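Presented below is the structure to which this report refers.
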Amino acid sequence: QVRLVESGGGSVQAGGSLRLSCAASGRTFSRYNMGWFRQAPGKERQWIASISWTGGSAYYADSVKGRFTISRDNAKNMVYLQMNSVEPEDTAIYYCAGDMQIPVSTMTSAVGSWGQGTQVTVSS
């Protein structure tokens, strides 16, 4: 498994932007399909975006499609989530996650590797 550490969270006003980063350690990172999940207070953790190990395919939940962009840099062992036009409903703890086996198009909470999470708060 890889070790994942998120950064970049914070407070932002509605309509603003934020970029989350996920640093991965481990020699097999480039073979991992990676994703971002989030969990709002009192709600279940939900998948919001994922990217294939090559970076050639990306998938998004309807709630963030057109506003968020997932990307990766395998040379740097990094995954990113660019968040634009954020809304108060985007307030949550954001988690980076990855797995070599779970398909990128149907990534679920069953992924094997998780970061500790980073808080994003959007004010209106």
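The values are calculated or read from the model by the stated rules, or taken from the named source; none is laboratory data. Because the structure is predicted, anything quoted here is derived from the model rather than measured. Positions of Cβ are backbone-derived with ideal geometry, glycine not excepted, and every protein chain shown enters the neighbour counts. Quick note on the areas: whole protein, heavy atoms, side chains included, nothing else; ligands and nucleic acids left out. Shrake-Rupley method; radii C 1.70, N 1.55, O 1.52, S 1.80 Å.
If a residue has to be surrounded by 14 or more Cβ atoms within 10 Å (Cβ to Cβ) and assigned to a loop (DSSP other than H, G, I, E, B) to count, how many in segment 24-36 make the cut?
Residues flagged as surrounded by 14 or more Cβ atoms within 10 Å (Cβ to Cβ) and assigned to a loop (DSSP other than H, G, I, E, B) within segment 24-36 amount to 2.
Kindly indicate whether residue 12 is β-branched (Val, Ile, Thr), open to solvent by 30 Å² or more (accessible area, probe 1.4 Å) and either at positive phi or outside any loop (DSSP other than H, G, I, E, B) (or both).
Values: β-branched (Val, Ile, Thr): yes; open to solvent by 30 Å² or more (accessible area, probe 1.4 Å): no; either at positive phi or outside any loop (DSSP other than H, G, I, E, B) (or both): yes.
No: the conditions fail for residue 12.
Looking at segment 75-103 only, could you name the residues that are touching a helix residue (DSSP H, G or I) at 6+ places or on another chain (Cβ under 8 Å) and at pLDDT 95 or above? Give the steps one after another, and end with the answer.
Filtering segment 75-103 down to residues touching a helix residue (DSSP H, G or I) at 6+ places or on another chain (Cβ under 8 Å) leaves 77, 83, 98, 100.
Result: 77, 83, 98.
Would you say residue 3 is surrounded by 12 or more Cβ atoms within 10 Å (Cβ to Cβ), of a type in the set (D, E, K, R) and within 20 Å of residue 105 (Cβ to Cβ)?
In short, no.
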